[in-house]
1. Ordered by residue, what ³J(HN,Hα) values in Hz, to whole numbers, does the stretch 90-101 give under the Karplus form 6.51 cos²θ - 1.76 cosθ + 1.60, where θ = phi - 60° and Gly and Pro are x?
2. Lys213: which lysines have alpha carbons under 25 Å from its alpha carbon, excluding same-chain residues fewer than 8 sequence positions away?
3. Apply 1/(1 + (r/R0)^6) to the Cβ-Cβ distance of Leu76 and Tyr211, taking R0 = 41 Å, and write down the FRET efficiency to the nearest 0.05.
4. With the contact rule set at Cα under 8 Å and sequence spacing of 6 or more, what percent relative contact order holds for the stretch 63-155?
5. If I take R0 = 45 Å and measure r between the Cβ atoms of Thr59 and Ile98 in this structure, what FRET efficiency does the formula 1/(1 + (r/R0)^6) give, to the nearest 0.05?
6. What is the antiparallel percent of DSSP beta bridges lying wholly in the stretch 93-222, to the nearest 5?
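All of the numbers you see were taken from the coordinates with simple rules; none came from a lab. Small disclaimer: the values here were computed from a predicted structure and weren't measured. All Cβ positions, glycine included, derive from the backbone under ideal geometry; neighbour counts span all protein chains shown.
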Amino acid sequence: MWRFREISNRTVILLLTGMSIAASVGSLIVNLANGQSPSQWFQGWLQNFSTEMVGALLTFVLLQLIVEERRRREELSRAEHERKEQLIREMGSIDNGIAIRAVRELGAKKWLYDGTLVGASLWRANLQDCYLTAANLRNADLNRANFRDAKLVNACLQGARLFDADLQGARLDNAQFDEETILPDGSNWSPDVDMECFTNPEHPKFWRSKYPKSPAYGAERV
């Protein structure tokens, strides 16, 4: 299907030139038929042409500026989107150094907090020692992620999946959970859950995973 946006500037110029020539020839024929001399017609035509050309030029320049600005914004938006996706992939890395660098850049750009990470797939991410204070991780897949000694103060974990994740030493002060949040032991969060059983190794019921591939694997206190 033919699309207007596929027309090039050269095509537009040729179309406008052709229309101008056709209109000029038609005007000449009409005026000659009405008894006007060619020189009189040409003087009037030249005056009108110069005025219209200035207006057309200004309009063309303005349109070009608008189009270029829109194109620039679209390119910036596309580049930003691609960078976000790359950083999310890096944040989900099992390499702790890569994950930490990604978290730092996401934080510097405020992308930790603006919803960029909502629903993110960070399965098995090695986020040990990461600064995730106030991070918006709503509905994120954090299964088997390593949050050992991570800072999750004021983080949003509503609806997040933390099954088999290692929270040892993690700071969860004022972190936000809801009944859909899946905890490391597979249970759902509730207001009466003692989160220190996942974070504090001195807790009498400190939880450890039974699965060797879990970052929280170890002997569970009973």
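1. Those phi angles translate into 5, 4, x, 6, 7, 8, 4, x, 5, 5, 4, 4 Hz.
2. By straight Cα distance, Lys213 reaches Lys151, Lys205.
3. Plugging the Cβ-Cβ distance into 1/(1 + (r/R0)^6) gives 0.40.
4. Contact order relative to length: 23 percent.
5. Details: r = 51 Å, r/R0 = 1.13.
Once the sixth-power term is evaluated, E becomes 0.30.
6. Roughly 10 percent of the DSSP beta bridges within the stretch 93-222 come out antiparallel.
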